[in-house]
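The values are calculated or read from the model by the stated rules, or taken from the named source; none is laboratory data. A quick note: this is a predicted structure, and the numbers were derived from the prediction, not measured. Cβ coordinates were reconstructed from backbone atoms using ideal geometry, including for glycine residues, and neighbour counts include every protein chain displayed. Ligands, DNA and RNA are excluded from the accessible area calculation, which covers all protein heavy atoms including side chains. Shrake-Rupley method; radii C 1.70, N 1.55, O 1.52, S 1.80 Å.
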Amino acid sequence: LAQLYGPLNMLGYLYRTINQSLVDTERLLKLLNEPRDINDKPNAPDLIIQDGSLEFENVSFSYDKRTTALDGVSFKVPKGSSVALVGESGAGKSTILRLLYRFYDLQEGEGRILIDGQDIRDVTQASLRKAIGVVPQDPVLFNASIGYNIGYGKFGATQEEIVAAAKAAQIHDRILSFPDGYDTKVGERGIRLSGGEKQRVAIARTLLKDPPILLLDEATSALDTSTEKDIQKALQNLVQGRSSLSIAHRLSTIATADVILVLKDGRIVEQGTHAELLALGGVFAAMWADQVSSNDDVSAHRKSAVVS
Ligand code: ATP
């Protein structure tokens, strides 16, 4: 029995790891909504990345064939640029990310999604997902060391690479403050990290993966000012030189995006830079005014909390 214990333990570990990584994938972008089975076409080639530019070409989509989630959406994300998706709940932001990650395939007549000119339905899912890094809203960590959790982004990552990624993701100093540094266990059976810390771990992981395309789902929860600054810096390091599509909630992200797409009922109702959209005085300008005033409320509240 003792002889069996080692292998069984290992199997258990593998099972948990695989299970966890499934959970990890499922949790990406709130994707837990029973995606259809997606199959690669016979002899599908791998995606060939030239510069990582994306295009949605007249994309319409319905989850249930009755209600419309996306309705004739067209936009481009040129090489290395950042596009922010904004819009009220149910506007179609997550659906855009889910379709790009191919959790659903578009059917005949529903438009096309292209990466460097290749229809994503025609290439292997493995090569597609290799090219895309995802930073979800609430990243799931393995019950393993924090070093493992970061190194998971790249097979065979060295300790130096892990530390460099943690530094760029603004989480290195925090890790050094843990009792066992990079060997400290995190997750449910280890140290509990805050939402902002987990997101920086996911950013470090993605930096190691080094994908040309990024999908970011920003956390909606309010962050304190220094965490916000750290995350902003980490994201800047990550986004640099990559094409990114972000579901944007933070004023900082919205203001610095190359292009903002404003979605409403599955359609793009406005698009442009922050300044252009403010000048337009439409849906975005109203959303912005709303956020700025509620942000003022938060900082006013913080100030009064400090004073009292
Ligand atoms: P939120 O900000 O709340 O995440 P969102 O802009 O990301 O919203 P989506 O999740 O893309 O919105 O949803 C777009 C539309 O598709 C909504 O009407 C939503 O109810 C519908 N929808 C989303 N997921 C499913 C699903 N699995 N089955 C049926 N309808 C869905």
Quiz item: For segment 242-267, how many residues are open to solvent by 30 Å² or more (accessible area, probe 1.4 Å) and over 19 Å from Val292 (Cα atoms)?
Solution: 5
Exercise. List the number of the failed condition for Glu228; all other conditions in (1) over 13 Å from Ser252 (Cα atoms); (2) among the charged types (D, E, K, R); (3) surrounded by fewer than 20 Cβ atoms within 10 Å (Cβ to Cβ) hold.
Key: (1)
Practice problem: Determine which member of the set Asp224, Asp180, Asp265 is modelled with pLDDT of 90 or more, farther than 27 Å from Ser74 by Cα and more than 14 Å from the chain's Cα centre (by Cα). | Solution: Asp180
Self-check item: Odd one out for Ala164 among (1) touching a strand residue (DSSP E or B) at 6+ places or on another chain (Cβ under 9 Å); (2) open to solvent by 50 Å² or more (accessible area, probe 1.4 Å); (3) among the aliphatic types (A, V, I, L, M)
Solution: (1)
Quiz item: Looking at segment 63-106, which of the residues that are among the polar types (S, T, N, Q) and out of contact with any Leu (no Cβ under 6 Å at 6 or more places or on another chain) is nearest to the ligand (Cβ to nearest atom)?
Solution: Ser89
Quiz item: Taking segment 155-204, which residues are among the acidic types (Asp, Glu) and more than 18 Å from Glu218 (Cβ to Cβ)?
Solution: Glu160, Glu161, Asp173, Asp180, Asp183, Glu188
Quiz item: For segment 144-161, what are the residues that are closer than 27 Å to Tyr101 by Cα, assigned to a loop (DSSP other than H, G, I, E, B) and open to solvent by 30 Å² or more (accessible area, probe 1.4 Å)?
Solution: Tyr152, Lys154, Phe155, Gly156
Practice problem: Pairs only if they're at least six apart or on different chains, beta carbon under 9 angstrom, first in segment 264-279 and over 11 Å from Asp71 (Cβ atoms) and of a type in the set (Ser, Thr, Tyr), second part of a strand (DSSP E or B) and modelled with pLDDT of 95 or more; list them, first residue then second. | Solution: Thr273/Val259; Thr273/Ile260
Quiz prompt | Residue check for Pro42: at pLDDT below 95 and either under 25 Å from Asp290 (Cβ atoms) or open to solvent by 70 Å² or more (accessible area, probe 1.4 Å) (or both) | solution = yes
Exercise. Go through segment 48-62 and give me each residue that's open to solvent by less than 20 Å² (accessible area, probe 1.4 Å), away from the ligand (no atom under 16 Å from the Cβ) and at negative phi.
Key: Leu54
